[in-house]
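Participant: Input: one structure, supplied below.
The values are calculated or read from the model by the stated rules, or taken from the named source; none is laboratory data. All values reported here derive from a predicted model rather than from experimental measurement. All Cβ positions, glycine included, derive from the backbone under ideal geometry; neighbour counts span all protein chains shown. Ligands, DNA and RNA are stripped out before the accessible areas are found, and what is left, the full protein with its side chains, is counted by its heavy atoms. Shrake-Rupley method; radii C 1.70, N 1.55, O 1.52, S 1.80 Å.
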Amino acid sequence: MLRAWPLNVISIAAASAIGRDEFISTALPYAPINPRSASASWGASRLPGAHPHSETYVLIIGESVRADRLGGCGGQEQVAISHQDAIIYCDVTSGSSSTHTSVPLLVSREMPGGAFRVSKDATFMKAFEEAGFHTYWLAVQERGIAWPDANTEMFVAAKKTDRESLLPSLISVLAQDSPKKLIVVHAYGAHFSYCDRYEPATAAFQADCSKLAELPNDSTLPDFIRAYDNAVAESLRFVDAVISEVAQAGGSSFVMYTADHGENLLDDGRRLFQHALKDPTRWDTTVPAVIWASDEWRVHNSERWEQLRANHGATAMHADLVPTLLGSAAIRYVDERQAAFDLGAMSPPADRTRWVMRRLGEKVDGDQLRQVHPAGNRRSSPVVGVVVLQPPG
């Protein structure tokens, strides 16, 4: 949910006054008008060389998953990716703590701090299209969040889990005869209410979901955390299922997952809960990334795969993921950003500044968020500073 509502209202009024209704899409979280220009180009083409006949690239955009809950990142071992050959990144900074700003940034060639929520530029799917791929967007979340520009778009009703909601559409797309595919999957992940995101009967942790009806406090927080870990574990089961379906489809394939942002769970003295609050925190902007590739892709890209493995502990950010995905598909393109890195080609500097959007037109150093309100400064007083957002974002 956007946080600069006074600015949004002014923007909407100004857009209406000058007859430029397309600007409204940049100001509202659920905008009725698509601002993306159909003529926008990434100037993309394939690098010279032989390319496989059958290629599939997948980007999974999860929801509300913070990195430290994964077993591979210090969390419970039951919260894990089962594919042992996947690479897990535990220190990825999201572009924002809100779905409505982080997802447009993630699929763009922009950096946090811009004045518009969704720009007129094309998403990275245009680069894949220009390089000869058929592009797909499969989602349970609304079109107006990112205004995708895929060749084929499927928006499906959300069910109990993302596996139920999205896997049938993914299987259908994988069966289509387009030999070169880019598939973006926008899931619901671990968004609150956590108990609505998994099947309690098969969950790893027993949580009393009746306690999640009220805002958390010290006595109910353990149930919130157990339910959240169950929701994150289900998010990773969905990633595992996508990998399995892509592997079964055959060919050269590459799958990347990240979450749009993390989540606050009363982690410090501010006692914050959920995300998209007035100020981003380390907990709602530090997310994981998972990378998997088929045997065929790895055989033909062994050096790139080893570089991806070597970078798993890097100080990464969302802005690095699209360059990494495009580089992994051997696509060259126009991108003026100097701060974004292809993680399969180089290591980002450890002292880089990882920007996070605070609100439209304003950014903050994401690593500086780690120096305020240290964990362990928990008070026994009731919850303060808690914001529950509707609609979800």
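Participant: So, of the residues in the stretch 278-300 that are touching a residue at least 60 places away in the same chain (Cβ under 8 Å) and under 15 Å from A345 (Cα atoms), which turns out to be most open to solvent (accessible area, probe 1.4 Å)?
Facilitator: The selected residue is H300.
Participant: crowded, with 17+ Cβ neighbours inside 10 Å and closer than 15 Å to V58 by Cβ, is that true of D162? I'd like the intermediate steps shown before the answer.
Facilitator: On the way: crowded, with 17+ Cβ neighbours inside 10 Å: yes; closer than 15 Å to V58 by Cβ: yes.
Taking the combined requirement at face value, the residue satisfies it.
Participant: Modelled with pLDDT of 95 or more, of a type in the set (G, A, S), assigned to a loop (DSSP other than H, G, I, E, B) and open to solvent by less than 30 Å² (accessible area, probe 1.4 Å): which single residue out of G269, G262 fits that description? Please lay out each step first, then the result.
Facilitator: Values: G269 fails: modelled with pLDDT of 95 or more.
Sole residue among the options that is modelled with pLDDT of 95 or more, of a type in the set (G, A, S), assigned to a loop (DSSP other than H, G, I, E, B) and open to solvent by less than 30 Å² (accessible area, probe 1.4 Å): G262.
Participant: What are the residues in the stretch 33-63 that are assigned to a loop (DSSP other than H, G, I, E, B) and within 15 Å of E234 (Cα to Cα), if any? Talk me through it step by step, then tell me what you get.
Facilitator: Of the residues in the stretch 33-63, the ones assigned to a loop (DSSP other than H, G, I, E, B) are 33-44, 47-54, 63.
Result: E63, single match.
Participant: Those residues that are under 7 Å from N230 (Cβ atoms) and in contact with a Pro (Cβ under 9 Å, 6 or more places away or on another chain), I need them from the stretch 193-209; list them, please.
Facilitator: A207
Participant: Mind checking which pairs have a first residue in the stretch 222-238 that is aromatic (F, W, Y) and a second that is open to solvent by less than 10 Å² (accessible area, probe 1.4 Å) and assigned to a helix (DSSP H, G or I), Cβ under 6 Å, 6 or more apart or different chains?
Facilitator: Cβ pairs passing all conditions: Y228/Y194.
Participant: Identify all residues within the stretch 64-78 that are touching a residue at least 24 places away in the same chain (Cβ under 8 Å), of a type outside the set (A, V, I, L, M) and not in a helix (DSSP H, G or I); write none if there are none.
Facilitator: Once the filter is applied, which keeps residues that are touching a residue at least 24 places away in the same chain (Cβ under 8 Å), of a type outside the set (A, V, I, L, M) and not in a helix (DSSP H, G or I), the stretch 64-78 yields S64, R66, G75, Q76, Q78.
Participant: What number goes with the only condition from (1) farther than 23 Å from Y194 by Cβ; (2) acidic (D, E); (3) under 21 Å from the mean Cα position of the chain (by Cα) that D68 does not pass?
Facilitator: Evaluating D68 over (1) farther than 23 Å from Y194 by Cβ; (2) acidic (D, E); (3) under 21 Å from the mean Cα position of the chain (by Cα) leaves (1) as the failure.
Participant: Please indicate, with yes or no, whether at least one residue in the stretch 232-252 is outside any helix (DSSP H, G or I) and under 30 Å from A201 (Cβ atoms). Before you say what the answer is, go through the steps one by one.
Facilitator: Start the filter on the stretch 232-252 by keeping residues that are outside any helix (DSSP H, G or I), which leaves 250-252.
Now restrict to residues that are under 30 Å from A201 (Cβ atoms): none.
No, every residue in the stretch 232-252 fails to be outside any helix (DSSP H, G or I) and under 30 Å from A201 (Cβ atoms).
Participant: While we're looking at this one, here's another question. When you go through (1) under 21 Å from R352 (Cβ atoms); (2) out of contact with any Pro (no Cβ under 6 Å at 6 or more places or on another chain) one by one for L272, which number turns out not to apply?
Facilitator: Going through (1) under 21 Å from R352 (Cβ atoms); (2) out of contact with any Pro (no Cβ under 6 Å at 6 or more places or on another chain) one by one, L272 breaks only (1).
Okay, residues lined up against (1) under 24 Å from V239 (Cβ atoms); (2) touching a residue at least 12 places away in the same chain (Cβ under 8 Å); (3) in contact with an Asp or Glu (Cβ under 8 Å, 6 or more places away or on another chain):
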{"position": "S302", "(1), (2), (3)": "yes, no, no"}
{"position": "L308", "(1), (2), (3)": "yes, yes, no"}
{"position": "G313", "(1), (2), (3)": "yes, yes, yes"}
{"position": "A316", "(1), (2), (3)": "yes, yes, yes"}
{"position": "A319", "(1), (2), (3)": "yes, yes, no"}
{"position": "V334", "(1), (2), (3)": "no, yes, no"}
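Participant: Is at least one residue of the stretch 35-54 open to solvent by 70 Å² or more (accessible area, probe 1.4 Å), at pLDDT 90 or above and within 25 Å of the chain's Cα centre (by Cα)?
Facilitator: Yes: one or more hits.
Participant: Condition (residue is in contact with a Ser or Thr (Cβ under 8 Å, 6 or more places away or on another chain) and charged (D, E, K, R)) applied to the stretch 85-103: is it met by at least one residue?
Facilitator: Checked against the condition, which is being in contact with a Ser or Thr (Cβ under 8 Å, 6 or more places away or on another chain) and charged (D, E, K, R), the stretch 85-103 yields at least one hit.
Participant: I would also like to ask the following. Are any residues in the stretch 117-132 open to solvent by less than 10 Å² (accessible area, probe 1.4 Å) and either free of Cβ contacts under 8 Å to residues at least 24 places away in the same chain or in contact with a strand residue (DSSP E or B) (Cβ under 7 Å, 6 or more places away or on another chain) (or both), and if so, which ones?
Facilitator: M125, A127, F128
Participant: Exactly one condition in (1) of a type outside the set (S, T, Y); (2) buried (at least 17 other Cβ atoms within 10 Å of the Cβ); (3) farther than 16 Å from E63 by Cα; (4) touching a helix residue (DSSP H, G or I) at 6+ places or on another chain (Cβ under 9 Å) is not met by A175; state its number.
Facilitator: So A175 meets the others, but not (2).
Participant: Looking only at the stretch 30-43, decide whether some residue is hydrophobic (A, V, I, L, M, F, W, C) and farther than 18 Å from D149 by Cβ.
Facilitator: First, the residues of the stretch 30-43 that are hydrophobic (A, V, I, L, M, F, W, C): 31, 33, 38, 40, 42.
Next, only the ones that are farther than 18 Å from D149 by Cβ stay: none.
For the stretch 30-43, residues hydrophobic (A, V, I, L, M, F, W, C) and farther than 18 Å from D149 by Cβ: absent.
Participant: Sticking with this structure for a sec: When you go through (1) among the β-branched types (V, I, T); (2) open to solvent by 30 Å² or more (accessible area, probe 1.4 Å); (3) under 26 Å from E63 (Cα atoms) one by one for T324, which number turns out not to apply?
Facilitator: The one condition T324 does not meet is (2).
Participant: Residues being open to solvent by 60 Å² or more (accessible area, probe 1.4 Å) and over 16 Å from F124 (Cα atoms): count how many of those fall in the stretch 327-344. Let's see the steps before the verdict.
Facilitator: First, pick out the residues of the stretch 327-344 that are open to solvent by 60 Å² or more (accessible area, probe 1.4 Å): 332-334, 336, 338.
Of the ones still in play, those that are also over 16 Å from F124 (Cα atoms) are 338.
Going through the stretch 327-344 one residue at a time, the tally reaches 1.
Participant: Here's something else I'd like to know. Considering each of S219, S252, S235 in turn, give the residue that is of a type in the set (S, T, Y), surrounded by fewer than 18 Cβ atoms within 10 Å (Cβ to Cβ) and modelled with pLDDT of 95 or more. Show your work before the answer.
Facilitator: Numbers: S252 fails: surrounded by fewer than 18 Cβ atoms within 10 Å (Cβ to Cβ); S235 fails: surrounded by fewer than 18 Cβ atoms within 10 Å (Cβ to Cβ).
That would be S219, the only listed residue that is of a type in the set (S, T, Y), surrounded by fewer than 18 Cβ atoms within 10 Å (Cβ to Cβ) and modelled with pLDDT of 95 or more.
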